[in-house]
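A quick write-up on the structure given underneath.
The values are calculated or read from the model by the stated rules, or taken from the named source; none is laboratory data. Since the structure is predicted, the reported quantities are computational estimates derived from the model, not experimental observations. Positions of Cβ are backbone-derived with ideal geometry, glycine not excepted, and every protein chain shown enters the neighbour counts. Side chains are part of the model used for accessible areas, which takes the heavy atoms of the whole protein and leaves out ligands, DNA and RNA. Shrake-Rupley method; radii C 1.70, N 1.55, O 1.52, S 1.80 Å.
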Amino acid sequence: YGDVFQFAIRTGLRRSEICGLQWDAVDLVEGRLRVIRTVHSINGIGLVVGEPKTKKSRRTIGLSAETVNLLHSVKGGQLDMGLPTSGAGYVFTRPSGLPLVPQVVTKHFTGFVRQHNLPKMNFHGLRHAYASLCLVAGIDSKYVSESLGHSTISTTLDLYSHIIPSMQQHAADAVANL
């Protein structure tokens, strides 16, 4: 699950979006992906493939070179295992090629955090870490909002307003340096 954890913090995708990501939505040449489907586990039914939760959640995001390399590595591993690496093949799978079960991803992440004595955090915390890192790095809040699939920029700013004070000194210094 290490690849899943790295991917989550590098993209800010929701757990259901990561589990639902298929190769037909990934462009490794252009370095981007489209968030167009999700996978949820519903008690008594099993895994259900659906659409992202809102219109804004259906989005295209850019991928860093490191993330593209990570996906190439995932694809290579799947080729070695004889799994589909195009079309409807899932990017992150169980050994059988079936999509990951969202609750199992969370369970493994919780175990990883405990095993390494990390501060208490749930899997969704990787999404928050992505957003916080983007804002601290000075990435425009409008872009951060769009990359997270938030319906409005105010949602992003409300959730991450604690980051803004640390950005004030950076902004003051940047203007002074100009």
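A few notes on this one:
- Residue satisfying condition, being part of a helix (DSSP H, G or I), more than 24 Å from L63 (Cα to Cα), open to solvent by 80 Å² or more (accessible area, probe 1.4 Å) and free of Cβ contacts under 8 Å to residues at least 60 places away in the same chain, within set K107, K120: K107
- Search result, residues across segment 78-97 that are part of a loop (DSSP other than H, G, I, E, B) and without any contact (Cβ under 8 Å) to a residue 24 or more places away in the chain: M81, G82, L83, R94, P95, S96, G97
- Qualifying residues in segment 154-178 (those that are open to solvent by less than 60 Å² (accessible area, probe 1.4 Å), among the hydrophobic types (A, V, I, L, M, F, W, C) and closer than 22 Å to G62 by Cβ) - the one modelled with the highest pLDDT: M167
Conditions tested, residue by residue: (1) of a type outside the set (V, I, T); (2) under 17 Å from G89 (Cα atoms).
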{"site": "D3", "(1), (2)": "yes, yes"}
{"site": "G12", "(1), (2)": "yes, no"}
{"site": "V26", "(1), (2)": "no, yes"}
{"site": "N43", "(1), (2)": "yes, no"}
{"site": "V48", "(1), (2)": "no, yes"}
{"site": "T54", "(1), (2)": "no, no"}
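- The residue list E66, E146 contains one member that is open to solvent by 80 Å² or more (accessible area, probe 1.4 Å), touching a residue at least 40 places away in the same chain (Cβ under 8 Å) and either in contact with a helix residue (DSSP H, G or I) (Cβ under 8 Å, 6 or more places away or on another chain) or among the polar types (S, T, N, Q) (or both), which is E66.
- For segment 123-143, the candidate set comprises residues that are surrounded by 13 or more Cβ atoms within 10 Å (Cβ to Cβ) and of a type in the set (G, A, S); within that set, the residue that is farthest from I9 (Cα to Cα) is S141.
- Complete set of residues in segment 123-138 that are at pLDDT below 90, among the hydrophobic types (A, V, I, L, M, F, W, C) and assigned to a loop (DSSP other than H, G, I, E, B): A137
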